[in-house]
């Protein structure tokens, strides 16, 4: 079944869609089939969108879906790396989902103008790299939520230009999502387990100084776990 015939978003994309303000023009980076902009257009939430992707085949499927939906005039499909073929005056918001945190940071680094837009970011991994990068590059995380998708917990960040206080170890790894949310203890526990394995590997490899520093951060995460609502 084509994306045009069934506009159903994954939980990750649905959370991003919910954060797009009405009337904003959207750039969807790594858009694949263009499902996110097609959904928002079908809801009347946005007037237009730009969908970019590194690969021609998914963009062509997106064009086909747009034709089937009668949305060809509202979506521009562009073959490019990140935002390379997008101009700042064309969009109000930028969505980047389904990539690693380092890749997302690289896309934003290559398009400095993007940091003056509303950024909706959903890293699949290395969010602990993306958050500090944002904090030192003129971006402020205004909202962060966790979403469960296919058995995994992912963060969705709503970011604008601005400043924010230095991140704690807990915030760097686990983000700024509400601590009383049902998914936060799960996300926190998974990070604790991951860092415990990393510490053990560092110690076995004779990298004791790195292990000591990481165990200090791990202590902060364990304290946060004890403070979580039962």
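Since every read-out is calculated from the coordinates, none of them should be taken as a lab result. Since the structure is predicted, the reported quantities are computational estimates derived from the model, not experimental observations. For neighbour counting, all protein chains shown are included, and Cβ atoms are generated from backbone atoms with ideal geometry for every residue, glycine included.
Descriptive notes on the structure:
- Alpha carbon convex hull of the chain, volume per residue in cubic angstrom: 139 Å³
- Once C-alpha pairs closer than 8 Å and six or more residues apart are averaged by separation and normalised to the residue number of the chain, the relative contact order reads 15 percent.
- Kirkwood hydrodynamic radius over Cα pairs of segment 1-106, then Stokes diffusion coefficient at 4 °C and 1.567 mPa s, in µm²/s: 96 µm²/s
- Take every pair of alpha-carbon atoms less than 8 Å apart whose residues are at least six positions apart; their mean separation over the length of segment 60-148 yields a relative contact order of 25 percent.
- Per-residue ellipticity at 222 nm computed for the chain from its helices equals -13000 deg cm²/dmol, with DSSP H segments shorter than 4 residues left out and the rest contributing -39,500 (n - 2.57).
- Judged by the mean number of other Cβ atoms found within 10 Å, the most tightly packed of the peptides 205-214, 101-110 leads the ranking 101-110, 205-214.
- Mean sequence separation of contacting Cα pairs (under 8 Å, at least six apart), scaled by the length of segment 34-100, corresponds to a relative contact order of 34 percent.
- Protection proxy ranking of 52-60, 25-33, 155-163 - average other beta-carbon atoms within 10 Å, highest first: 25-33, 155-163, 52-60
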